[in-house]
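To start, the structure itself, in structure tokens.
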Amino acid sequence: MNKFARIIGTGSYLPPTVITNDDLAKTINTTNEWIVARTGIKQRHKVTNETTCDLAEKAANRALEMAGINVKDLDLIILATTTADKIFPATATILQTAIGASCPAFDLQSVCSGFIFALTTAEQYIKASAANKVLVVGSETLSRIVNWNDRSTAVLFGDGAGAVVLSGSDNTGILYSKLFSDGKYLSSLQVSNNYINEVGFIEMSGNEVFKIAVNRLSSLAEKTLKETNLNSNKLDWIVPHQANIRIISAVAKRIKTPMNKVIVTLENHGNTSAASIPLALDTAVRDGRIKRGDYLLFEGIGAGFSWGSILIQF
Ligand code: ACO
């Protein structure tokens, strides 16, 4: 039995087209100042022709390259996405063939908490020795379901992908993971289509989502440190879901962690849902901030609501 699931490679990808806040202000009643002050977001990336699988493929190949493993050694692929390319087959199976893997592959849908749910699922496979090498990807083309005329949501979201390769380890890796769901909040945040010949758009009560996100994530961050007996000054980095700088800083403050120990990338790509945590992780691994042995806290919440946290020794 493997004791831990350890991250051995990270990768990410953002499509080249950038939409700045000033670009949005040309078509909707908003300003760069409002968006930056309320969210911290300065720009977002948007696909032109690329699919969710295309973004996932690029992020996955970068993670596999860093991991230094042969793609044929993968035992499982889990793709967290809200914006699957088709109703079926699973986008993960399209990705499997695109990267040349031959293992089982499935999609996991938990909106902005998708990466946390997928990583926790992969951890269980590894700890049960049902898999040893697992590729976990978060990939989104949210621009397809954003109502670009709705200023309360259009400014928030972006496209992108992030990936990690996990391996069984006897020494260290994921130390703790906790997931929650509470499905009472359908009307707060949803895409209200019925799937039949209808494309829906993101609808959100931003203020309500904001309060619930701060409340749930702050409590969970405290609980995670308490249950792992880790004093917050031993925590090297928080790698949060990148939704809003005000949510991120409120959670950091609650667990007495200064902002210089929080990885923030949302100014560059906005809320990329299931892709945001692995995007932030990969950025900080590649720029040298996150180092081997560091204690990392991943935390995120998404529609449902579903939320979770992971404490990891990198
Ligand atoms: N530009 C200018 N004004 C705007 C814009 C905009 N883009 N959007 C809304 N406003 C206006 C509103 O109409 C309102 O005007 P009024 O006072 O005249 O009625 C005013 O700004 C304040 O609106 P609020 O919704 O109260 O603003 P708030 O401070 O809550 O910020 C925001 C809105 C940024 C959406 C915030 O609530 C938020 O980030 N919520 C979390 C949502 C989120 O991140 N969801 C993602 C998925 S879930 C998750 O990842 C956590």
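The values are calculated or read from the model by the stated rules, or taken from the named source; none is laboratory data. None of these values were measured; they are calculated from a predicted model. Cβ coordinates were reconstructed from backbone atoms using ideal geometry, including for glycine residues, and neighbour counts include every protein chain displayed. Surface accessibility is based on the protein's heavy atoms, side chains included, excluding ligands, DNA and RNA. Shrake-Rupley method; radii C 1.70, N 1.55, O 1.52, S 1.80 Å.
Of these, 154, 163, which one is among the hydrophobic types (A, V, I, L, M, F, W, C), away from the ligand (no atom under 15 Å from the Cβ) and either out of contact with any helix residue (DSSP H, G or I) (no Cβ under 8 Å at 6 or more places or on another chain) or in contact (Cβ under 8 Å) with a residue 24 or more places away in the chain (or both)?
Step by step, each of 154, 163 is checked, and only 163 is among the hydrophobic types (A, V, I, L, M, F, W, C), away from the ligand (no atom under 15 Å from the Cβ) and either out of contact with any helix residue (DSSP H, G or I) (no Cβ under 8 Å at 6 or more places or on another chain) or in contact (Cβ under 8 Å) with a residue 24 or more places away in the chain (or both).
Among the listed residues 217, 235, 279, which satisfies the condition of being within 16 Å of the ligand (Cβ to nearest atom) and touching a Ser or Thr at 6+ places or on another chain (Cβ under 7 Å)?
The unique qualifying residue is 279.
Can you work out which of the residues in the range 254-270 that are open to solvent by 70 Å² or more (accessible area, probe 1.4 Å) and not basic (Lys, Arg) is farthest from residue 112 (Cα to Cα)? Show your work before the answer.
Taking the range 254-270 first, the residues open to solvent by 70 Å² or more (accessible area, probe 1.4 Å) are 254, 256, 259-260.
Now restrict to residues that are not basic (Lys, Arg): 259-260.
On the way: 259: 22, 260: 24 Å.
Only one residue fits best here, namely 260.
Please work out if residue 288 is surrounded by 18 or more Cβ atoms within 10 Å (Cβ to Cβ), at pLDDT 95 or above and either within 15 Å of the ligand (Cβ to nearest atom) or not assigned by TED's automatic domain parsing to the domain that holds residue 138 (or both).
When the stated conditions are applied, residue 288 does not pass them.
Filter the strands (runs of 3 or more DSSP E) completely within the range 143-251 down to those with at least 3 residues that are among the small types (Gly, Ala, Ser). Please lay out each step first, then the result.
Working: elements: 159-169, 174-181, 189-191, 202-204, 237-240.
Those strands (runs of 3 or more DSSP E) span 159-169.
Among the residues that make up the range 77-84, is at least one of them open to solvent by less than 30 Å² (accessible area, probe 1.4 Å), among the hydroxyl-bearing types (Ser, Thr, Tyr) and assigned to a helix (DSSP H, G or I)?
Taking every residue of the range 77-84 in turn, none turns out to be open to solvent by less than 30 Å² (accessible area, probe 1.4 Å), among the hydroxyl-bearing types (Ser, Thr, Tyr) and assigned to a helix (DSSP H, G or I).
Mind telling me which of the residues 249, 276 ends up being closer than 22 Å to residue 207 by Cβ, surrounded by fewer than 23 Cβ atoms within 10 Å (Cβ to Cβ) and of a type in the set (S, T, N, Q)?
From the options 249, 276, the qualifying one is 249.
Got a number for residues in the range 30-50 being among the β-branched types (Val, Ile, Thr) and surrounded by fewer than 19 Cβ atoms within 10 Å (Cβ to Cβ)? Explain how you work it out, then say what you get.
Initially, the range 30-50 is screened for residues among the β-branched types (Val, Ile, Thr), giving 30-31, 35-36, 39, 41, 47-48.
Restricting the remaining residues to those that are surrounded by fewer than 19 Cβ atoms within 10 Å (Cβ to Cβ) gives 30-31, 36, 48.
Residues meeting the conditions: 4.
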